[in-house]
Every structure is written in C-alpha cells, then in structure tokens.
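Visitor: Encoded as structure tokens, here's the structure I'll be asking about.
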Amino acid sequence: MKVICHLAVLLSAFKFAAAFQLPPCQLINQTVSLEKEGCPSCHPVETTICSGHCITKDPVIKIPFSNVYQHVCTYRDLSYKTFELPDCPPGVDPTVTYPVALSCHCGRCAMDTSDCTFESLQPDFCMNDIPFYY
C-alpha cells in the first residue's frame with residue numbers, strides 16, 4: 001500500500017511541474033549594463049547568462065545546524081570579454097571586463113562570482129541613472 005501511495009505522490013508532483021513548464025537551467029541572451037566609477041554613462045552589451053529552475057529539496061525533519069544546500073542555476077564554464085567605455089575622462093581607464101557564460105548547471109551558488117540573493121538588481125541596472133540630491 002505504501003508503494004502505491006508514494007507512486008501517486010510522485011505522479012502528482014510530475015503533473016504539477018509539467019503544468020507550469022518551468023524553464024530548466026540554461027544559457028540565455030541578456031543585455032547587461034557596463035559602467036565604471038569616473039565614467040559618466042553606462043553602455044549596454046549583449047552577453048549570455050545562466051537562468052532557469054533547478055530541483056530543490058526541503059527536508060521533512062529539520063536538524064539544527066545542519067547544512068542543507070539548495071542548488072541554483074549557475075555557471076559551469078565562462079569566459080571574459082573586455083569592452084572600452086566611451087566618454088571616459090582622461091586619466092580614467094575605460095576598460096571593463098564582464099563574464100560570458102559558456103555552459104550552465106544546477107549547483108551551489110558561488111558567492112565570490114555570483115549574486116546569491118533572493119531578489120537582486122536587474123542585469124541592465126545602471127547606477128548612473130539614479131539621481132543624487134546634494
């Protein structure tokens with residue numbers, strides 16, 4: 001009887017996931033804004049990033065101080081491109097380096113290379129667009 005119940009739960013979970021058709025972790029094209037302190041404007045460039053959903057787990061029994069790692073869609077392989085920002089004043093290095101995703105996978109979020117927050121700034125966000133009042 002237990003096997004049948006577990007099978008029914010698994011089938012309903014598959015039906016639920018199929019109903020919403022969540023996009024899997026994959027490469028997508030994305031516009032990002034490049035900016036640098038000392039340069040007056042942002043410049044949009046097209047690059048590839050990792051985006052999509054990964055299977056997560058939530059243990060039934062919560063054990064204090066136990067490590068449960070949720071997998072996120074993140075880079076497997078990446079390269080870097082360099083871009084020269086226009087209109088930078090003399091004395092300011094106009095070069096900016098940005099990542100280009102080559103492949104993706106579901107894994108632990110590497111906080112040294114990725115934004116692991118629940119809601120982060122959009123990739124095309126530009127600090128120079130925020131008005132400052134003195």
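The values are calculated or read from the model by the stated rules, or taken from the named source; none is laboratory data. Quantities reported herein were computed from a predicted structural model and do not represent experimental measurements. Here the Cβ positions follow ideal geometry from the backbone for every residue, glycine too, while neighbour counts run over all protein chains shown. Just the protein is used for accessible areas: all its heavy atoms, side chains included, with ligands, DNA and RNA removed. Shrake-Rupley method; radii C 1.70, N 1.55, O 1.52, S 1.80 Å.
Residue by residue, here is whether (1) closer than 28 Å to S103 by Cβ; (2) open to solvent by 40 Å² or more (accessible area, probe 1.4 Å) holds:
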site: S41; (1), (2): no, yes
site: P44; (1), (2): yes, yes
site: T48; (1), (2): yes, no
site: G52; (1), (2): yes, no
site: K57; (1), (2): yes, yes
site: V60; (1), (2): no, yes
site: I63; (1), (2): no, yes
site: H71; (1), (2): yes, yes
site: D77; (1), (2): yes, yes
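Visitor: Between residues in segment 34-58 that are assigned to a loop (DSSP other than H, G, I, E, B) and residues that are open to solvent by 60 Å² or more (accessible area, probe 1.4 Å) and at pLDDT 90 or above, which pairs lie under 9 Å by C-beta distance while being six or more apart or on different chains?
Guide: Sorted first by the residue in segment 34-58, then by its partner, the pairs are K36/D93; G38/G91; G38/D93; G52/P24; G52/Q26; C54/P24.
Visitor: Still on this model: Which residues, counting only those in segment 79-90, are at pLDDT below 90 and either open to solvent by 100 Å² or more (accessible area, probe 1.4 Å) or part of a strand (DSSP E or B) (or both)?
Guide: D87
Visitor: Go through segment 32-50 and give me each residue that's modelled with pLDDT of 90 or more and under 16 Å from the mean Cα position of the chain (by Cα).
Guide: Within segment 32-50, E46, T47, T48, I49, C50 meet the criteria.
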